[in-house]
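Single-structure report; data block below.
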Amino acid sequence: MRVALITVFPEMLSAVRDVGVTGRAVRDGRLVLDAVNPRDFTHDRHRSVDGRPYGGGPGMVMRPEPLAAAIKRGREIAGATAPVIYLSPQGERLTDQRARTLAEGEGMVLLAGRYEGVDERLLSEAVDQELSIGDYVLSGGELAALVVVDAVTRLLPGVLGHEDSAAEDSFADGLLDCPHYTRPEVYEGQVVPEVLRSGDHAAISRWRLQQSLGRTWERRPDLLEARGPLSDEERGLLDEYISDREEKGAKDGT
Ligand code: 9D3
């Protein structure tokens, strides 16, 4: 996967390029992640990438010409078929499915805006899609672009080890993760669930599925709804989770 990120803050790429799973993907050559700075495509003395908004008002707007030139360079990095994606609060929401679709492509050109936004004519001439990462206000598109790169990179062949496969991840099966425990066996008076110490691998698998179902039912009923009808086994596990929980609730008054 080849990614070009158009940004006036190229140093922000280090968050993805230098650490963890994504850093290894770069070192292994599975991910190429290059910044293209629109400032390098200006011709005036002040290298200005922004201008005052027509019609007045506060803030500045990113000028189209340096962005067009930067995107052209970005396409050389990411490949001719790479979509140009503008990170924007007006975009469609990033989902697991959209990340999977992007991971199937050869690359992407990500455009991160600063200031109030980007001249609309550049968007209509040069941008294929707009993506948002959620309904909260960021200071610019870079962190959103890095979220896209991280989510997509994890889905590339060979990036994750077997122990952490993308197929087993939450959202792939539409459920939240089960709880996890490590040493010590007792921490702050709380003991690791008996079943996890039993060595009974079938019972452990059942317990983990039950916890995933129960937590999704409690915390994200929308995910359970979207997943469709439960199998008979899943229904039985969730019913047992709910009655156990009501029994506990009767004891501690919740
Ligand atoms: C205070 C400025 N706002 C006026 C109503 C508009 C605005 C402009 C630019 C709000 C945020 C931004 C910067 N955000 C992004 O570039 C961005 C973003 C986000 O803020 N939230 C979620 N996803 C994204 S993707 C890009």
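The values are calculated or read from the model by the stated rules, or taken from the named source; none is laboratory data. This one's a predicted model, so the numbers in the text were calculated from it and none came from an experiment. Neighbour counts run over all protein chains shown; Cβ positions are idealised from the backbone, glycine included. Quick note on the areas: whole protein, heavy atoms, side chains included, nothing else; ligands and nucleic acids left out. Shrake-Rupley method; radii C 1.70, N 1.55, O 1.52, S 1.80 Å.
Taken over region 124-137, the criterion of being of a type in the set (Gly, Ala, Ser), more than 8 Å from the ligand (Cβ to nearest atom) and surrounded by 10 or more Cβ atoms within 10 Å (Cβ to Cβ) is satisfied by Ala126 alone. Within region 11-25, the residues that satisfy the criterion of being open to solvent by less than 40 Å² (accessible area, probe 1.4 Å) and closer than 25 Å to Lys72 by Cβ are Leu13, Val16.
Only residues that are within 13 Å of the ligand (Cβ to nearest atom) and touching a residue at least 40 places away in the same chain (Cβ under 8 Å) were counted across region 103-123, and they come to 9.
One line per residue, one yes/no per condition, for (1) without any contact (Cβ under 8 Å) to a residue 40 or more places away in the chain; (2) in contact with a strand residue (DSSP E or B) (Cβ under 7 Å, 6 or more places away or on another chain); (3) not acidic (Asp, Glu):
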position	(1), (2), (3)
Ala126	no, yes, yes
Glu130	no, yes, no
Tyr136	yes, no, yes
Gly141	no, yes, yes
Asp150	no, no, no
Thr153	no, no, yes
Gly161	yes, no, yes
Ser165	yes, no, yes
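Of the helices (runs of 4 or more DSSP H) lying entirely inside region 20-133, the ones with 3 or more residues being assigned by TED's automatic domain parsing to the domain that holds Leu146 and either within 23 Å of Asp150 (Cα to Cα) or among the polar types (S, T, N, Q) (or both) are found at 20-27, 64-78, 96-103.
Looking at Gly140, Gly161, just one residue is more than 13 Å from the ligand (Cβ to nearest atom) and either open to solvent by less than 60 Å² (accessible area, probe 1.4 Å) or within 23 Å of Pro53 (Cα to Cα) (or both), and that residue is Gly161. Answer yes if at least one residue in region 86-102 is within 15 Å of the ligand (Cβ to nearest atom) and either of a type in the set (Lys, Arg) or on the phi > 0 side of the Ramachandran plot (or both), and no otherwise. Yes, the conditions are met somewhere in region 86-102.
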